[in-house]
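Notes follow the structure.
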Amino acid sequence: MSGWWIADLWNQGQVVQLASWIFWVVVSICLHELGHGWAAIWEGDDTPRRTGHMTINPMVHMGGYSLIAFLLLGFAWGLMPVNPGNFRHRRWGDAIVAVAGPAVNLVLAVILLTIAGVVSATTLGSEVKPEWALRTFEFCYTGGWLNLVLLALNLLPIPPLDGSRILATVSNPYRRLLHHPNAGMFGLAFFVIVFWITPIGRVAYGFIENAALLWVGVVQGVVMAASGS
């Protein structure tokens, strides 16, 4: 074990896992941010389009620091500039734009885990498992699980995550708290301590893993029942 996640996966022969993780982290973050952008434009704010953020280019959404963190540590983040003052529904518009990103992750998770379930039911039940099917399952399952993680994390009411903006829509005291200049820094520190240092993070990731496997199993069962297998 070298301690560098890319080298470790490569040396363990997990090339498909490595490629899947890189692909889905970048694509999922970009689509998540585009979800915010599409919702903001629908709300009457042209900031995402005017600043050139309505693109799939990861350099625009993630930036240099995020991409460096991803290269070194395996995780990253994105940003979509919006101006809530332009929203048609004002405070509710802020919640709509905030929830649009996690909604994209939910759609991606359902699609990818459903494909994984179909592949598992139709090709992985036999004694001889096609290599393409194994790789397709791993690719789709990795993306589905990752998007469930992004969905759950972004809905946490901790600044600067999307859940904080959603909660601020219905709670004036919390909204005032978010206006503190150090709210984002304290929220990020709290997130790291709770989900990286304490066992809570492992429990949460285990729960998400079980949810992903449950959906794959349900799809697999439905497909097998429909085909009479």
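The values are calculated or read from the model by the stated rules, or taken from the named source; none is laboratory data. Owing to the predicted nature of the structure, the values given are computational and were not obtained by experimental measurement. With ideal geometry, Cβ positions are generated from the backbone for all residues, glycine too; neighbour counts draw on all protein chains shown.
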Lone qualifier among A168, A226, A133 - being in contact with a helix residue (DSSP H, G or I) (Cβ under 8 Å, 6 or more places away or on another chain), of a type in the set (G, A, S) and surrounded by fewer than 17 Cβ atoms within 10 Å (Cβ to Cβ):
A133
Under 9 Å by Cβ, and 6 or more places apart or on different chains, what pairs join a residue from the stretch 14-35 that is on the phi > 0 side of the Ramachandran plot and in contact (Cβ under 8 Å) with a residue 40 or more places away in the chain with one that is among the polar types (S, T, N, Q) and not in a helix (DSSP H, G or I)?
none
Against the definition (closer than 17 Å to G35 by Cβ, part of a helix (DSSP H, G or I) and within 19 Å of the chain's Cα centre (by Cα)), how does A152 come out, yes or no?
yes
With (1) modelled with pLDDT under 95; (2) under 29 Å from F195 (Cα atoms); (3) out of contact with any helix residue (DSSP H, G or I) (no Cβ under 6 Å at 6 or more places or on another chain) as the list, and P157 as the residue in question, which single condition is left unmet?
(3)
Quick one: A39 ticks every box in (1) exposed (fewer than 14 other Cβ atoms within 10 Å of the Cβ); (2) small (G, A, S); (3) within 18 Å of the chain's Cα centre (by Cα) except a single one, so which number is it?
(1)
Please go through the stretch 82-102 and pick out each residue that is surrounded by 15 or more Cβ atoms within 10 Å (Cβ to Cβ) and either free of Cβ contacts under 8 Å to residues at least 24 places away in the same chain or under 20 Å from the mean Cα position of the chain (by Cα) (or both).
V82, D94, A95, I96, V97, A98, V99, A100, G101, P102
Selection from the stretch 4-16 of residues that are surrounded by fewer than 16 Cβ atoms within 10 Å (Cβ to Cβ) and not β-branched (V, I, T)
W4, A7, D8, W10, N11, Q12, G13, Q14
Which residue out of F70, F87, F75, F23 is of a type in the set (F, W, Y) and touching an Asp or Glu at 6+ places or on another chain (Cβ under 9 Å)?
F87
Boolean, Y205 is farther than 30 Å from V16 by Cα, in a helix (DSSP H, G or I) and either among the polar types (S, T, N, Q) or touching a residue at least 12 places away in the same chain (Cβ under 8 Å) (or both):
no
Single residue of A76, A109, A98 found to be at negative phi, touching a helix residue (DSSP H, G or I) at 6+ places or on another chain (Cβ under 7 Å) and modelled with pLDDT under 95:
A76
With the checklist (1) surrounded by 13 or more Cβ atoms within 10 Å (Cβ to Cβ); (2) of a type outside the set (S, T, Y); (3) within 25 Å of W92 (Cβ to Cβ) in hand, flag the one item H180 doesn't pass.
(1)
Note on A109: of the conditions (1) over 18 Å from the mean Cα position of the chain (by Cα); (2) among the hydrophobic types (A, V, I, L, M, F, W, C); (3) surrounded by 17 or more Cβ atoms within 10 Å (Cβ to Cβ), unmet is (1)
So which residues in the stretch 36-82 are of a type in the set (A, V, I, L, M) and closer than 13 Å to V26 by Cβ, if there are any at all?
I56, M59, V60, M62, L67, A69, L71, A76
Would you tally the residues in the stretch 114-143 being under 16 Å from M224 (Cα atoms), assigned to a helix (DSSP H, G or I) and touching a residue at least 24 places away in the same chain (Cβ under 8 Å)?
8
